[in-house]
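Report on one structure; see the data block that follows.
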Amino acid sequence: MIILLVLPVLMILMFGFAISTEIKNARFAVYDPSHDLATQKIIDKINSSEYFTLDTYIIDPSQIETVFQKGEIGLVVEFSENFYKNIVQTGEAQILLIADGTDPNTASTLVNYVSRLIAAYQLEQMVLTGKLPYQIDVKVKLLYNPTLKGAYTTVPGVMGLILMLICAMMTSVSIAREKELGTMEVILVSPMPPLLIILSKVIPYFTISIINYLTILALGVYVLDVPVEGSFILLSLLSLLFIFVSLALGLLISSLVRTQMAALLGSVMGLMLPAVLLSGLMFPIENMPLFLQVIAQFIPAKWFIAAVKEVMIMGLGVGSILREMAVLGIMAIVLITLSLRKFKTRLE
Amino acid sequence: MFHAIKPGIMNVIEARDLTKRFGHFTAVDAITFNVKKGEIFGFLGANGAGKTTAMRMLCGLSKPTSGAGQVAGFDINKNPERIKENIGYMSQKFALYEDLKVWENLRLFGGIYGIPEKEIGNRIDELLTTLGFKSEKNMMVKSLPLGWKQKLAFSAAIFHEPKIVFLDEPTGGVDPAARRQFWELIYDASDRGITVFVTTHYMDEAEYCNRVSIMVDGRIDALDSPANLKEKYHVQTMDEVFFQLARKAKAKV
């Protein structure tokens, strides 16, 4: 009953806050070999806007690409040398905007915003000095996803969603069905050990999800041209971990419900919807209000999708996804322990 | 119908002050009774009287809040897993896998209860011939008529020739003719030495049992053979026995 009243409230809040394609406080880094008045002014202008926050000054140009790997920087602003002199004298002032293309939507938005700010600076200069300055040449470079293919972000996202769907939802519905039909009772009275019962319900969906994982990957690579830059084995291990988490979630839900309907509802409302909205699949988490960001940390799909992007599209190794794997690992252990206990106590 | 018990028997089920409480609600209130080997024991009572809860404790499915008991020689509190190996169970909903064929269901239960693989095939054929649906061996259970499902469920429950078989409202929703046929099966099993513990709210079925107990509000208010109970309360049918007991319970409240 309460669900019927509380759910719409939750949905409005989630949709209202999460679906915000505006950028706020996006972190950016700067590589500025010129260190002059003009560059400083531009940097200040960007920093003072509500959309951006200056995160780092890059000293070593070789770091420009690696700074994205921690996943916090969305944009690097690279100034050409002798910037101010060039604006005034030669018209060869250049700004290179380097964005992380793994999330094409965010990348475009960031680039657009900064471009506008740079244009605004130029306008101000014109007004101030009364003459037309030379144009600042703004170039854009997108890392990892030069053509801004949407598929780069959707393939990892769909993978996470499908694995969760098959493992969590189907498993919970299947167990709930046996409870509804009464066969679960008969099996429980039999000498079959509870662990074996659970395994027997989980194995079919485990197998199916492995096949799904391979299918999605194959389609992504061969049909959608999404690369697997990193190690396939690492990717598979990661997916295996996520599958375990999802299976455990399915078990947990099944131990809390008595009918298939309830299992379905629980899976969709409690898992799918938050996963779709808060995992970073559709809407960047950084733009959400704090309390939603906190909730997002508890959604396994969020960690999985982030790690998949890092391995698949950025080609990073184990070192950078250690945090994600640790989180997923802990979730798996906690959930499996919890659901096993709940399963047993339901017998009492 | 009268069914005789062989002499020289022992108790296959013993319950002493068996109690089950859920929070403040006492579902089963210190029941004490025995069931002799080879008996057909009827566990009667109205819906909600506590029969199913009591049976679940005897089957090793649920832990008693207090009290003790043994089933097939194993302690309810300490060895529920050993109990499970030695009993059969037929649930109210008949509980067969509808998406499996007739013989596949039997094979599943045979395997779970440890019947050697080589034997299972023969046993399945034997059983189906006895039941009279050998030709339906490959039919999906979901397309069987209700009466057949019932017979199949019972057969699956005793497929491994357990010492005791627990039947939870086995004749629910089935017409009287089918019910009588079903009781023939129960007699057959009993003749083979399987003790039958059956719960039901159909009081006329009580007549088919050697002894019955009647549960009211979690307690056993009567425990004897149907003949003795009818004499005690000076009535003709078990229905009336039950009515008398129910009235007494209401009067107490």
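Since every read-out is calculated from the coordinates, none of them should be taken as a lab result. Computed from a predicted structure; not experimentally measured. Neighbour counts run over all protein chains shown; Cβ positions are idealised from the backbone, glycine included.
Could you work out, for chain A, what percent of all Cα-Cα pairs fall into each 10 Å distance bin, beginning at 0 Å and stopping at the bin that holds the largest distance?
In whole percents, the pair-distance histogram is 5, 22, 26, 20, 13, 7, 4, 2, 0, 0.
Under a straight-distance cross-link criterion of Cα-Cα below 30 Å, which lysines are reachable from residue A:342, leaving out those fewer than 8 residues away in the same chain?
Result set, ordered by chain and number: A:179, A:201, A:302, B:20, B:51, B:63, B:78, B:84, B:93.
Which trypsin sites (Lys or Arg not before Pro) from the range B:58-87 combine a DSSP loop assignment with at most 15 other Cβ atoms within 10 Å?
Numbers: sites: B:78, B:82, B:84; in loops: B:78.
Taking the range B:58-87 and a limit of 15 other Cβ atoms within 10 Å, the loop trypsin sites (Lys or Arg not before Pro) found are B:78.
Of all trypsin sites (Lys or Arg not before Pro) in the range B:153-228, which ones are in loop regions per DSSP and have a Cβ with at most 13 other Cβ atoms within 10 Å? Don't jump to the answer; show the numbers that get you there.
On the way: sites: B:163, B:179, B:180, B:192, B:211, B:219; in loops: B:163, B:192.
Answer by residue number: B:192.
Setting aside same-chain residues fewer than 8 positions from residue A:309, which lysines have a Cα under 29 Å from its Cα?
Answer for residue A:309, where 29 Å is the Cα cut-off: A:24, A:70, A:139, A:141, A:149, listed by chain and number.
So for A:334, A:127, A:67, fewest C-beta neighbours within 10 Å to most, what's the order? Please list the in-between numbers first.
Working: A:334 12, A:127 8, A:67 19.
So the ranking, lowest neighbour count to highest, is A:127, A:334, A:67.
Of A:182, A:101, A:317, which has the largest mean-square fluctuation in a 10 Å C-alpha GNM of chain A?
Largest GNM mean-square fluctuation: A:182.
Calculate the spin-label point distance for residue A:236 paired with residue A:320, positioning each point 7 Å from the Cα along the beta-carbon direction, and give it in nanometres.
Taking the two extended label points, one gets 2.3 nm.
Which of the chymotrypsin sites (Phe, Trp or Tyr not before Pro) found in the range A:289-328 are loop residues per DSSP with 14 or fewer other Cβ atoms within 10 Å of their Cβ? Working shown, then result.
On the way: sites: A:291, A:298, A:303, A:304; in loops: A:298.
Taking the range A:289-328 and a limit of 14 other Cβ atoms within 10 Å, the loop chymotrypsin sites (Phe, Trp or Tyr not before Pro) found are A:298.
Just want the ordering: A:257, A:311, from fewest to most Cβ atoms lying within 10 Å of their own Cβ. Don't jump to the answer; show the numbers that get you there.
Numbers: A:257 20, A:311 27.
The most exposed by this proxy come first: A:257, A:311.
Arranged by the count of other C-beta atoms within 10 angstrom, fewest first, what order do B:154, B:25, A:206, A:79 take?
Values: B:154 21, B:25 8, A:206 17, A:79 24.
Ranking B:154, B:25, A:206, A:79 by Cβ neighbours within 10 Å, fewest first, gives B:25, A:206, B:154, A:79.
Treat every Asp and Glu Cβ in the range A:270-348 as -1 and every Lys and Arg Cβ as +1, leave all other atoms uncharged, and give the resulting dipole magnitude about the Cα centre to the nearest 20 debye. Can you show the working numbers first?
Details: 7 positive and 4 negative charges, 71 e Å.
Using only the charged Cβ atoms, the result is roughly 340 debye.
How large is the charge dipole for the protein assembly as shown, taken about the Cα centre, if only the Cβ atoms of Lys, Arg (+1) and Asp, Glu (-1) carry charge, to the nearest 20 debye? Let's see the in-between values first.
Details: 56 positive and 56 negative charges, 374 e Å.
Rounded to the nearest 20 debye, it is 1800 debye.
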